[in-house]
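The values are calculated or read from the model by the stated rules, or taken from the named source; none is laboratory data. Because the structure is a prediction, the values reported are computed rather than measured. Neighbour counts are summed over all protein chains in view; Cβ atoms, including those assigned to glycine, are modelled from backbone coordinates with ideal geometry.
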Amino acid sequence: MINYKKWIAGVFCIVVIFYVFKQDLVHKPYHYCRSLSANIETVEITIPKKQFQILDSLRNDVLKNKKVRATHKRYVKASLKYNNEISNVKIRLKGDQLDHYNSNPPSYRVKVVGNKKVLETNKFSLQSFGARHFMTEWIFLKILEQQDVLSLRSDVVELNINNTKTICTFEEHFTYHLTDRFNRAPGPIICISEDLFWNHGRLNDSVKYKNEKEIYLNSPIKEFKYYAPLDSNIVKTAKNLLNDFRNKQKDVNEVFDVNKLAIHLATSDLTNTHHGLRWHNRRFYYNPLSGRLEPIGFDGSNWKPLSAFAFDDQFLISLEWSNLFSNKEFVKAYLFHLDRMSKKRFLDQFFNQYDHEINELENRIYKENLFHSSDYNFVYINAAWIRENINEYKKRLLMQLK
């Protein structure tokens, strides 16, 4: 005769065990099987012993003093093998935060010497998954790309460095390969230099700026090396535009491609990648055909759901230092795209379009982390939050324009 109490207790124990160990019993084997089918690029870097010791010493100094200085970013010579072709490269440590140096291996910046390319560019970063919330950032960058807004290309690659293998993220740098990929005319890529910010406002022994706004206003405009000759007048025009906007001498629509800037900001809200909107994380391309600056999607880290729009986020106090939200053309474009992109239909179309790429990226990530979460419902949650709160937000932004 069946003892129903023991039977029920046994079933209950099985359910509990299954629930508690679901990751190990179900997800881990499933993700492992998927990782076996991953189509992943391999980058093999050989750093001579002396050069490696230099980098290791610099890294240890960062970890010991818990501070990153410009002197820690010294390039050394190395060789790189990709697609059975060997290239000479220069490599250095990369990152302004300690997480880039705590990981093993640390984050690297690589420059390819000569006219060769690796993964479609000649300058790129290799960094651990912990340095960025990779898939969130990838979605942010891909939405921008879909809308023809400049954004860096990122991927997951296998890195073999001095015969030590790991899976890490790849991120292209700001070169003409980026603008060529978007079919843009040759033009400079610029930003407000972040050196003063990371040096805590200290310019030299006699000059130290007392707060972030002073640092923002006094930091020089930096031009990224373009690897191609550019008209010096075009470079000067680009820098002057950004500087005039910073100093409120020119309005938003005189400086930027308003529509692309609005899409960039709306996408940052949708994915809650506000980190990339900080002034020291902004990068811009000057389009000589339109005479306007275009934003470049970059550093879109996100670790939490959306709880404030960009204008209300105190983390983005620097947005209030400009005339950005006092420009009627920009505000209307921003609200239009925020409304358009927060619709469920927009997200459904995006994930349907990029479903294959997302699955392939996940397969590569599983080679490093079998417990990686592939739940992207956070974007839908953010979109729902936007839909619930946008009407009141619209009223406030439009009211201040009157």
Item to check | Meets criteria (among the basic types (K, R), surrounded by fewer than 21 Cβ atoms within 10 Å (Cβ to Cβ), at pLDDT below 90 and in contact with a strand residue (DSSP E or B) (Cβ under 9 Å, 6 or more places away or on another chain)) for R202 | outcome: yes
Checklist entry - How about the stretch 177-280: which helices (runs of 4 or more DSSP H) wholly inside it have at least 3 residues that are free of Cβ contacts under 8 Å to residues at least 40 places away in the same chain and over 28 Å from N389 (Cα atoms)? => result 212-218, 232-246
Checklist outcome for this item: Per the filter on the stretch 109-147, residues under 15 Å from the mean Cα position of the chain (by Cα) and in a strand (DSSP E or B) are R109, F124, S125, L126, Q127
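Conditions tested, residue by residue: (1) out of contact with any strand residue (DSSP E or B) (no Cβ under 8 Å at 6 or more places or on another chain); (2) modelled with pLDDT of 65 or more.
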site	(1), (2)
W7	yes, no
D24	yes, no
H27	yes, no
I45	no, yes
K50	yes, yes
V62	no, yes
Item to check | Some residue of the stretch 235-255 being buried (at least 19 other Cβ atoms within 10 Å of the Cβ) and within 25 Å of L347 (Cβ to Cβ) | outcome: no
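The rows are residues; the columns are (1) in contact with a strand residue (DSSP E or B) (Cβ under 6 Å, 6 or more places away or on another chain); (2) farther than 18 Å from S125 by Cα.
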| site | (1), (2) |
| --- | --- |
| C168 | yes, no |
| K208 | yes, yes |
| K236 | no, yes |
| L242 | yes, yes |
Checklist outcome for this item: Note on the stretch 64-104: residues surrounded by 13 or more Cβ atoms within 10 Å (Cβ to Cβ) and part of a helix (DSSP H, G or I) are H72, D99, H100, Y101, N102
Checklist outcome for this item: Among residues of the stretch 148-164 being at pLDDT 90 or above and surrounded by fewer than 17 Cβ atoms within 10 Å (Cβ to Cβ), the residue farthest from the chain's Cα centre (by Cα) is N162
